[in-house]
Amino acid sequence: MAQRLRVRYAKRGRLRFTSHRDISRAVERAVRRADIPVAYSAGFSPHPKISYAGAAPTGVASEAEYLEIGVTRPCDPHRLRADLDASLPPGLDVLDVVEARDSGLADRLEGSMWELLLPGVDPEVAAKAVEEFVAADRVEVERLTKKGLRRFDAREAVLSLTVQDGPERAAGQEPDRLCVILRMVVRHATPAVRPDDVLTGLRLVAGLAPLSPPEVTRLAQGPLDATTGEPADPFDFDRVGGDR
Amino acid sequence: MSVESLFPRLEPLLPKVQKPIQYVGGELNSTVKDWDEASVRWALMYPDAYEIGLPNQGVQILYEILNELPDTMAERTYAVWPDLEALMRSEGVPQFTVDAHRPVRAFDVLGVSFSTELGYTNLLTALDLAGIPLDAVDRTDEDPIVLAGGHAAFNPEPIADFLDAAVLGDGEQIAIAISEVIREWKEEGSPGGRDEVLMRLASTGGVYVPKFYDVEYHPDGRIMRVVPNRPGVPSRIFKHTVMDLDEWPYPKKPLVPLAETVHERFSVEIFRGCTRGCRFCQAGMITRPVRERSITTIGDMVENGIRESGFNEVGLLSLSSADHSEIGDVAKGLADRYEGTNTSLSLPSTRVDAFNIDLANEFSRNGRRSGLTFAPEGGSERMRKVINKMVTEEDLIRTVTTAYSQGWRQVKLYFMCGLPTEEDVDVLGIADLAKKVIQAGRDATGSKDVRCTVSIGGFVPKPHTPFQWAAQCDHETVDRRLRELRDALRGDKEYGRAIGYRYHDGKPSIVEGLLSRGDRRVGRVLRAVWEDGGRFDGWSEHFSYERWMRAAEKALAGEPVDVEWYTTREREEHEVLPWDHLDAGLDREWLWQDWQDANSDVEVEDCRWTPCYDCGVCPTMGTEIQIGPTGKKLLPLTVV
């Protein structure tokens with residue numbers, strides 16, 4: 001393997017319904033179509049060396065998904081960005097590519113910033129619910145995981161939670177229908193606290209219930225910046241010493 | 001009049017259903033054309049779940065061919081799972097296409113491809129969700145023409161009431177011709193409404209319009225005759241045959257789904273038709289004659305398909321792929337081209353022949369030699385003569401010996417149960433055969449690390465085959481034989497652990513038999529099943545035999561016929577069969593003679609290598625066998 005390239009990509013619009021497995025098949029095919037010299041594992045059934053870090057759940061859109069590709073000969077990150085983007089279906093969009101300088105990308109993804117669009121919710125009711133959630137020490141929620149029903153705290157990992165200004169129109173909603181946008185920063189923890197866990201928490205502490213399923217988007221993912229309290233660009237480290 | 005996308009109304013439902021990605025479209029190489037610029041609009045449906053329907057070659061080919069026409073557009077629609085169906089009903093969202101999420105009812109044609117009869121209930125769901133009246137006679141000019149194709153359309157009688165039209169055979173040219181008829185009729189201002197356009201289609205003899213034919217019955221329930229009920233409608237409808245496959249190198253732009261589907265590969269049909277003459281095989285009978293795609297076109301299609309799709313597997317499709325006259329050069333040429341590229345090649349549908357091992361070796365050059373599949377179909381020598389599967393036990397043992405000695409560790413054997421004239425001993429013979437296969441493997445390798453899997457399915461007599469007159473075996477007998485075979489395999493101390501056994505129970509075959517050889521009266525059963533919640537009959541978790549039997553009893557009450565009459569009853573030579581007016585080119589007397597030969601264990605050779613045996617297809621249809629060799633070879637790809 002000559003080089004590892006880190007890719008930031010977005011999952012947008014209707015392609016937010018892709019699962020992690022759907023994306024990995026799409027990326028493998030795009031890599032082949034784009035003639036990217038991807039490295040393969042050894043053995044009877046060789047697999048392309050593509051790894052994924054912190055994928056957003058099915059149904060959740062994202063502006064900050066990350067993967068890493070191992071290649072057999074050095075590639076120009078700018079060209080790879082353009083080639084891979086052209087080969088992926090519209091809605092899976094490549095945003096940034098850097099050459100990896102270490103092996104610590106997954107560790108650097110300490111937290112995420114999420115945006116939640118809640119149709120049919122009154123902004124004042126939402127503000128009140130957010131206030132109560134933030135004021136609580138613990139908010140116990142339950143979620144069905146692969147290991148069965150798990151009960152855990154959804155509060156501690158939430159570093160900030162705010163109601164955004166200006167109600168907007170959600171896709172598929174009547175223009176005059178109310179709609180609230182929440183924004184939050186959540187630390188990655190085990191078990192992971194996902195946006196729907198926070199929504200469950202808001203329902204539990206204040207009875208907040210959107211009329212139809214919320215539209216959730218991950219806006220950023222990266223090392224948590226102590227001063228801003230938000231995720232920074234995880235590629236900053238790879239770019240030290242000059243962007244190519 | 002433009003049509004709005006249903007997606008904004010569908011989108012809020014998607015987070016509530018399983019695998020929502022299957023409903024959003026956006027596949028690589030999919031096409032969305034401007035609604036207003038097309039004068040003829042097709043919705044193409046595969047009546048099963050997206051994961052089964054998306055890879056279907058027939059739909060992909062027609063989708064591409066129709067979209068290439070400047071004034072025609074085609075979109076795709078699939079059966080929605082019951083979870084989404086319930087939500088669509090409660091929210092009033094109609095059946096939609098996945099391409100631009102347009103309502104199916106707004107199209108001119110709803111073309112449905114039936115590979116199997118078990119998709120019939122899903123057709124009714126789609127019509128109902130689309131807001132299209134189920135009965136063709138209730139439809140207005142606002143409804144699309146509901147058109148069936150695919151192998152099951154060779155006897156569309158059980159769904160005749162729900163169809164406006166059906167076509168038999170290869171779809172490429174007839175789809176274009178139908179588009180042209182509709183375009184002209186619309187340009188003229190749609191004179192005479194839907195009956196006139198249906199009449200224009202029917203009068204060609206190449207499109208079957210069921211409502212233009214009346215079926216008359218004898219008092220005992222048999223059909224007396226099927227006759228046109230208006231002037232200008234031909235008494236027979238003929239099948240369509242594409243004669244030069246090199247002129248139709250589709251798919252050129254294979255659809256690459258985001259959702260996981262059953263075939264994650266690029267498939268090239270290397271030839272169409274088969275004249276091996278296996279008597280149970282409807283596909284082999286109705287797709288004659290053999291028409292090969294040339295080695296060079298195959299090579300070009302593979303190269304283009306891999307580039308366009310990014311798939312890492314190529315399948316060479318046909319009814320018996322190793323029979324291509326230049327398959328050896330195709331295999332070697334492709335294996336050379338793609339060596340070291342992590343592209344794998346597969347060759348489904350092969351026969352019992354040592355030559356196949358050479359091919360399989362070429363295709364597994366860099367990979368693991370895991371499993372090989374053969375289909376002797378019959379468990380005894382006599383049974384194989386009855387079905388005209390010309391494989392001797394010696395052939396099979398010699399072939400598997402070669403396979404095991406060249407490093408293959410697992411052999412899978414396909415069989416059928418419930419074949420005409422079958423007795424218990426014929427099925428139990430499978431156990432002996434499997435043991436001999438294992439012993440041959442142990443002898444060849446000197447190791448106990450060889451396995452064999454026996455996979456067995458229930459036989460269903462099909463229209464347009466020599467077995468169309470045969471009595472289907474009842475499910476109690478099939479199940480008993482399958483159990484006895486299981487015990488014979490599992491109970492064997494010496495070999496039992498080396499032999500795997502896969503089988504299904506016999507009840508679904510009875511329903512398939514009812515639909516395969518049914519007539520228009522079976523449509524009532526189908527409708528009753530659907531009204532009782534019948535969906536996705538090809539899926540064991542959705543299929544209910546009891547529901548079908550309940551519905552049949554109710555729907556056929558007062559008729560002199562029942563499920564047994566349609567399935568386990570043997571037909572007389574001159575009984576009018578429901579599909580006799582639909583012409584696959586096969587001479588009825590030849591079919592009957594072949595049925596008689598089956599009963600006296602007489603075999604028939606393949607007409608590609610021996611003289612014509614007058615099955616009737618070529619002279620009736622004006623076609624001929626098209627096979628190589630061309631003598632050409634595949635050249636290495638130039639490295640870019």
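Here, each number is a calculation from the coordinates, and none is a lab measurement. Note that the structure is predicted; figures quoted are calculated from it, not measured. Cβ atoms come from the backbone with ideal geometry, glycine included; neighbour counts cover every protein chain shown.
The share of alpha-carbon pairs in region B:89-145 lying farther apart than 13 Å comes to 63%. Length, then width, then depth: along the principal axes, the Cα atoms of region A:3-107 run 34, 32, 30 Å. Projected onto planes of every orientation and averaged, the convex hull of the alpha-carbon atoms in region B:1-68 covers 5.6 nm².
Among rounded, prolate and oblate, which fits region B:111-220 when a ≥ b ≥ c are the square roots of the eigenvalues of its C-alpha gyration tensor, a/c under 1.5 means rounded, and a/b larger than b/c means prolate?
Rounded, since a/c falls under 1.5.
Bridging of B:LYS389 to lysines at a Cα separation below 20 Å is possible for B:LYS412, B:LYS436, B:LYS462, once same-chain residues fewer than 8 apart are set aside.
Taken over the protein assembly as shown, the convex hull of the Cα atoms encloses 188 Å³ per residue. Amide H to amide H distances under 5 Å link B:LEU372 with B:GLN410, B:VAL411, B:LYS412, where only residues 5 or more positions off or on other chains count and H is placed in the peptide plane. Selection among B:ILE397, B:ILE65, B:LEU110 by position relative to the dipole of chain B gives B:ILE397 as farthest towards the positive end (Cβ unit charges, Cα centre). Computed on region B:416-496, the Cα convex hull volume stands at 99 Å³ per residue. Peptide B:8-21 shows a mean partner chain C-beta count of 5 within 10 Å per residue C-beta. Classification of region A:111-222 by its C-alpha gyration tensor yields a prolate form. The axis ratio a/c (a ≥ b ≥ c) is 1.5 or more, and a/b outweighs b/c. Give me the distance between the Cα centres of region B:415-477 and region A:68-85, rounded to whole Å. Cα centres, region B:415-477 to region A:68-85: 52 Å. The Cα atoms of region B:454-527 give a gyration tensor whose axes a ≥ b ≥ c have a/c of 1.5 or more with a/b greater than b/c, which makes the shape prolate. The long axis of helix A:20-33 is offset from the longest Cα principal axis of chain A by roughly 30 degrees. Absence of a disulfide-compatible partner, taken as no other cysteine beta carbon within less than 4.7 angstrom, is noted in the protein assembly as shown for A:CYS75, A:CYS179, B:CYS274, B:CYS417, B:CYS452, B:CYS473, B:CYS607, B:CYS612, B:CYS615, B:CYS618. Close amide H partners of B:PHE536, meaning residues 5 or more places away or on another chain with modelled amide H under 5 Å apart, are B:ASN122. Excluding same-chain neighbours fewer than eight residues apart, the lysines reachable from B:LYS16 by a Cα-Cα span under 28 Å are A:LYS11, A:LYS128, A:LYS146, A:LYS147. Put in line by how crowded their Cβ is, counting other Cβ atoms within 10 Å and starting with the fewest, B:MET301, B:MET390 read B:MET390, B:MET301. The Stokes-Einstein estimate for region B:7-225, based on a Kirkwood radius over Cα pairs and taken at 37 °C with 0.692 mPa s viscosity, is a diffusion coefficient of 184 µm²/s. The peptide list B:55-68, B:80-93, put in order of mean Cβ contacts within 10 Å with the highest first, becomes B:55-68, B:80-93. The residues B:TYR50, B:TYR213, B:TYR495, when put in order of fewest to most other Cβ atoms within 10 Å, stand as B:TYR495, B:TYR213, B:TYR50.
What the pair-distance distribution of region B:29-111 shows, using all Cα-Cα distances binned every 5 Å from zero, is 3, 15, 26, 25, 16, 10, 4, 1 percent. Computed about its Cα centre, the charge dipole of the protein assembly as shown is approximately 2500 debye, with only Lys, Arg, Asp and Glu carrying charge at their Cβ.
Considering only B:LEU319, B:PHE355, B:HIS101, the residue lying farthest towards the positive end of the dipole of chain B is B:PHE355, judged by Cα position with unit charges set on Cβ.
The alpha-carbon positions of region B:260-362 define a convex hull whose volume is 112 Å³ per residue. Considering only A:SER45, A:HIS188, A:LEU92, and ranking their Cα positions along the charge dipole of chain A that arises from unit charges at the beta-carbon of Lys, Arg, Asp and Glu, the one farthest toward the positive end is A:SER45. By the combined test of axial Cα extent (at least 24 Å) and Kyte-Doolittle hydropathy (mean at least -0.5), the qualifying DSSP H helices of chain B come to B:424-445. About its Cα centre, region B:508-640 has a charge dipole of approximately 840 debye under the convention of +1 per Lys or Arg Cβ and -1 per Asp or Glu Cβ, with nothing else charged. Distance from the Cα centroid of region B:99-154 to that of region B:491-520 is 31 Å (rounded to whole angstrom). With coordinates expressed along the principal axes, the C-alpha atoms belonging to region A:180-225 extend over 33, 20, 15 Å, beginning with the largest. Applying a DSSP loop filter and a limit of 10 other Cβ atoms within 10 Å to the chymotrypsin sites (Phe, Trp or Tyr not before Pro) in region A:18-123 leaves A:PHE44. Please list log₁₀ I(q)/I(0) at q = 0.15, 0.19 Å⁻¹ for region B:523-594, using the Debye equation with identical point scatterers on the alpha-carbon positions. The Cα Debye sum returns log10 ratios of -0.70, -0.89. Each Lys and Arg adds +1 at its Cβ and each Asp and Glu adds -1 at its Cβ; summed about the Cα centre, region B:7-225 shows a dipole of about 400 debye. Computed from the alpha carbon positions, the gyration tensor of chain B leads to an equivalent ellipsoid with semi-axes of 38, 31, 25 Å, biggest first. Cβ crowding within 10 Å ranks B:ILE357, B:ILE397 as B:ILE397, B:ILE357, fewest other Cβ atoms first. Distant-in-sequence amide contacts of B:SER344, defined by a placed amide H-H separation under 5 Å and a gap of 5 or more residues or a different chain, comprise B:GLU313, B:VAL314.
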